[in-house]
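The values are calculated or read from the model by the stated rules, or taken from the named source; none is laboratory data. What you see is a predicted model; the values in this text were computed from it and never measured. When we count neighbours, we look across all protein chains shown, and the Cβ atoms used for this are built from the backbone with ideal geometry, even at glycine. Side chains are part of the model used for accessible areas, which takes the heavy atoms of the whole protein and leaves out ligands, DNA and RNA. Shrake-Rupley method; radii C 1.70, N 1.55, O 1.52, S 1.80 Å.
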Amino acid sequence: MSVLPLSFRNFLGAALAMLGALAVPSAAGAQAPASPAQDYAGAIFKRCGSLPNKRECYATALDERLARGGPAPALELLDQLAALDPDARRQGHFFAHRIGISALKSPADVGRVFAACTPAYQSGCYHGVIQSYFIANARGGGGVTTDSVDALCGDYRGFRSDLLFQCTHGLGHGLAILNRHHLPTALGSCDLLSREPEREMCYAGAFMESLVHATDPEAVSTGDTPAAGPKPAASTEHEHHGGHGPAIADAEPPEPPFPALDPADLHYPCSKLDEKYLIACYTIQTSVMLHHNGRDVAGAATECGRAPEKARVTCFLSLGRDVSTIALNDQAEAVRLCGLAEAAFRPACHRGVVTSIVNMNADPAEGIPYCRAVTEPDSKRACYAAVGLQALGLPEGQAKREQACRLAEADLVAACLGRPDPSRPAGTP
């Protein structure tokens, strides 16, 4: 079984999965009384939860909390709203991304604000901060050069691979917006990065931003992704809350035009771009397919089988991420949907599902119940291996990995920990 580089393992959870964490039974006994913060969240839920435009209502409340206390209290409020309302949890990346955008008031504060974010909600806050930084930098006359893009995320290079990914992925979002969502130009800006792994992370952010902008203009530049998940009935979300969007509104898009989508080609834009972008493109391409085909998972699985060979496994990983969104917290349904894929690629689909679960709250233990629900031996083993690999991309990764893997089925702890299983023949995946 092949293993994707860290950048793509992380991106699969960052890109479109709005999966609520699977419920874990609580300990018996009386619950602690609600805190004042929980009471405040409850009042917001009562006010907003039944409104047709509740996304905007929640966003306004989060904006107010951010203005009073900064990103940490705003993210805490988001946690409390997500616990009360599955829709708020499903759209958590949208809200966290918005918090990150709004929190950055000056490019000089990027390090401080970035450090105040958390990996929760597919790291939306991190992405928003970097996105906002690059647009603010452009407003101030800063150019896009190898020196400028290399320097932006340099503080995390070499010792915080998790934050380096979040930073360079957010850079891709920002460059896409800066270039008026003209994808080839945004990818060309990512090419300025001098390190190949960072270029790949940046490409992934640019592809994600292009798709989001094309499929849900009401959620422009926030990372919300209804292509594979439920879409609110109405929203008056403004482009780039905080005023960043209009700063580039008068710019002319680059030529020649490059449409974001082509309904006649379910592999577009991957099919029309240089081969070096192929893997990054297919990390999100099933969301394009599901957008066009009415969320037909079996049809998307068929199309993944037609992807270029080097990108085929990546496409099924992407499908797993989208399956996690469609199934929500129904483990059996997610297992069934991955079962629609060709047998050889079901392990990749299950890896995509569990990666999304782990990345929702940056907690590898939350992936274990899903792996227990998977029945096919090869897919189950791949699922546990993915949990262990995702743990390594988090702070204190090895400790988190060992803690989560202790919860695995006894004969699969070694797979979760990435250790050889003496009961399996040499050379067996």
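Structure above, values below:
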read-out: Count - residues of the range 349-382 that are part of a helix (DSSP H, G or I), open to solvent by 10 Å² or more (accessible area, probe 1.4 Å) and touching a residue at least 24 places away in the same chain (Cβ under 8 Å); value: 11
read-out: Looking only at the range 123-152, and only at residues there that are within 18 Å of ASP191 (Cα to Cα) and of a type in the set (S, T, N, Q), the one that is modelled with the highest pLDDT; value: THR146
read-out: Any hit, the range 159-180, residues being modelled with pLDDT of 85 or more, within 21 Å of the chain's Cα centre (by Cα), over 22 Å from ASN359 (Cβ atoms) and of a type in the set (A, V, I, L, M, F, W, C); value: yes
read-out: Residue list for the range 339-365, filter: over 15 Å from ARG312 (Cα atoms) and touching a Cys at 6+ places or on another chain (Cβ under 6 Å); value: VAL354
read-out: Scan of the range 302-332 for residues that are among the hydrophobic types (A, V, I, L, M, F, W, C), outside any helix (DSSP H, G or I) and closer than 17 Å to HIS267 by Cβ, ordered by number; value: ALA307
read-out: Subset of the range 286-313 (residues that are within 23 Å of GLY172 (Cα to Cα) and touching a Ser or Thr at 6+ places or on another chain (Cβ under 6 Å)); value: THR286, HIS291
read-out: Positions within the range 383-396 being over 16 Å from SER356 (Cα atoms) and either among the charged types (D, E, K, R) or without any contact (Cβ under 8 Å) to a residue 60 or more places away in the chain (or both), in sequence order; value: GLU396
read-out: Tally, over the range 80-92, of residues that are open to solvent by 20 Å² or more (accessible area, probe 1.4 Å) and in a helix (DSSP H, G or I); value: 7
read-out: Selected residue (criterion: modelled with the lowest pLDDT) from residues of the range 94-122 that are not basic (Lys, Arg) and not in a helix (DSSP H, G or I); value: PRO119
read-out: Among (1) open to solvent by less than 20 Å² (accessible area, probe 1.4 Å); (2) in contact with a helix residue (DSSP H, G or I) (Cβ under 6 Å, 6 or more places away or on another chain); (3) part of a helix (DSSP H, G or I) - the single one ALA341 does not satisfy; value: (3)
read-out: Meets criteria (within 17 Å of GLY352 (Cβ to Cβ), in contact (Cβ under 8 Å) with a residue 24 or more places away in the chain and surrounded by 18 or more Cβ atoms within 10 Å (Cβ to Cβ)) for LEU266; value: no
read-out: Residues that are small (Gly, Ala, Ser), open to solvent by less than 20 Å² (accessible area, probe 1.4 Å) and touching an Asp or Glu at 6+ places or on another chain (Cβ under 9 Å), drawn from the range 93-118; value: SER102, ALA103
read-out: Residue match in the range 390-409 (condition: closer than 19 Å to ASP162 by Cβ, in contact with a helix residue (DSSP H, G or I) (Cβ under 6 Å, 6 or more places away or on another chain), among the aliphatic types (A, V, I, L, M) and outside any helix (DSSP H, G or I)); value: yes
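Here is a yes/no grid of residues against (1) out of contact with any helix residue (DSSP H, G or I) (no Cβ under 9 Å at 6 or more places or on another chain); (2) closer than 21 Å to GLY393 by Cα; (3) basic (Lys, Arg); (4) open to solvent by less than 20 Å² (accessible area, probe 1.4 Å):
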| residue | (1), (2), (3), (4) |
| --- | --- |
| ALA151 | yes, no, no, no |
| ARG157 | no, yes, yes, no |
| ASP162 | no, yes, no, yes |
| HIS169 | no, yes, no, yes |
| ALA176 | no, no, no, yes |
| LEU183 | no, no, no, yes |
| LEU192 | no, no, no, no |
| GLU196 | yes, yes, no, no |
